[in-house]
């Protein structure tokens with residue numbers, strides 16, 4: 001799921017009554033912001049599309065598809081796109097956007113994927129892995145559903161941001177969770193993330209049998225400069241997300 005929180009959002013008061021990562025409760029509001037906000041529409045999503053490159057005819061799984069903006073953009077470029085997301089409300093929005101014939105499923109990425117071995121040429125995982133404590137089973141499943149030579153293209157919260165900005169600030173080398181709360185669409189939104197050092201990320205990828213092809217720290221779309229003059233400078237000069245391109249070897253290890 002495209003799950004960035006926008007720069008203009010402000011922390012909300014902490015409340016034990018707020019459910020964590022409950023996208024079903026604010027799907028419409030989140031999808032609307034995701035569609036046009038600077039971090040998603042003019043930074044993260046363009047970067048994912050640029051890393052994907054030429055996708056005409058490629059079979060792509062959008063793992064954590066949310067309301068479907070990335071899946072729609074890939075399909076417009078000629079890809080055959082399937083999607084899966086843990087939020088039924090988000091999948092309903094994606095189906096409304098992509099049509100009843102779209103292969104969209106409700107499912108948790110921590111569970112086995114409901115797809116055949118080698119079913120896809122690419123898996124895109126847009127701002128979703130940092131919701132998982134253990135990447136191992138999920139990456140193993142992503143590798144399983146990819147054909148030899150297939151790619152995993154993933155974006156995550158940058159580990160330096162997670163370490164430097166989130167309190168309490170633990171040992172950088174530890175894998176720990178933290179919770180942020182925001183006021184979103186007039187409702188409290190509580191999010192729980194897992195932070196880990198860069199080497200833990202790359203070790204998880206290679207441990208699942210992927211070969212690391214690219215690490216990227218891209219710039220936002222230049223069009224955002226005029227649309228978001230107050231936010232563009234910070235987004236273009238400070239660390240935000242980290243992007244990876246991984247590949248399944250042609251000879252399975």
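Are any residues in the range 239-248 assigned to a loop (DSSP other than H, G, I, E, B) and within 30 Å of residue 148 (Cα to Cα), and if so, which ones?
Across the range 239-248, the qualifying residue is only 248.
Of the residues 167, 162, 180, 171, which is out of contact with any helix residue (DSSP H, G or I) (no Cβ under 6 Å at 6 or more places or on another chain) and surrounded by 18 or more Cβ atoms within 10 Å (Cβ to Cβ)?
Within the list 167, 162, 180, 171, the selection yields 162.
Are any residues in the range 135-158 farther than 22 Å from residue 240 by Cα and not in a helix (DSSP H, G or I), and if so, which ones?
Selection gives 146, 147, 148, 149, 150, 151.
Just checking, which of 150, 136, 99, 118 is crowded, with 19+ Cβ neighbours inside 10 Å and farther than 18 Å from residue 30 by Cβ? Talk me through it step by step, then tell me what you get.
Values: 136 fails: crowded, with 19+ Cβ neighbours inside 10 Å; 99 fails: crowded, with 19+ Cβ neighbours inside 10 Å; 118 fails: crowded, with 19+ Cβ neighbours inside 10 Å.
After ruling out the rest, the residue left standing is 150.
Kindly indicate the residue of the range 220-238 that is touching a residue at least 24 places away in the same chain (Cβ under 8 Å) and in a loop (DSSP other than H, G, I, E, B) and also nearest to the chain's Cα centre (by Cα) among those meeting that condition. Please lay out each step first, then the result.
Restricting attention to the range 220-238, the residues satisfying the condition of being touching a residue at least 24 places away in the same chain (Cβ under 8 Å) are 220-221, 223-224, 227-228, 231-232, 234-235.
Still in the list and also in a loop (DSSP other than H, G, I, E, B): 220-221, 223, 228.
Working: 220: 16, 221: 18, 223: 22, 228: 22 Å.
If we take residues in the range 220-238 being touching a residue at least 24 places away in the same chain (Cβ under 8 Å) and in a loop (DSSP other than H, G, I, E, B), then 220 is nearest to the chain's Cα centre (by Cα).
If a residue must be in a loop (DSSP other than H, G, I, E, B) and either within 16 Å of residue 158 (Cα to Cα) or free of Cβ contacts under 8 Å to residues at least 24 places away in the same chain (or both), how many such residues does the range 196-219 contain?
So the answer is 5.
Among the residues of the range 164-195, what is the count of those that are within 20 Å of the chain's Cα centre (by Cα), modelled with pLDDT of 75 or more and part of a loop (DSSP other than H, G, I, E, B)?
The qualifying residues number 1.
The values are calculated or read from the model by the stated rules, or taken from the named source; none is laboratory data. All figures in this text were calculated on a predicted structure; none of them were measured in a lab. In this analysis, Cβ positions are derived from the backbone assuming ideal geometry, glycine residues included, and neighbour counts consider all displayed protein chains.
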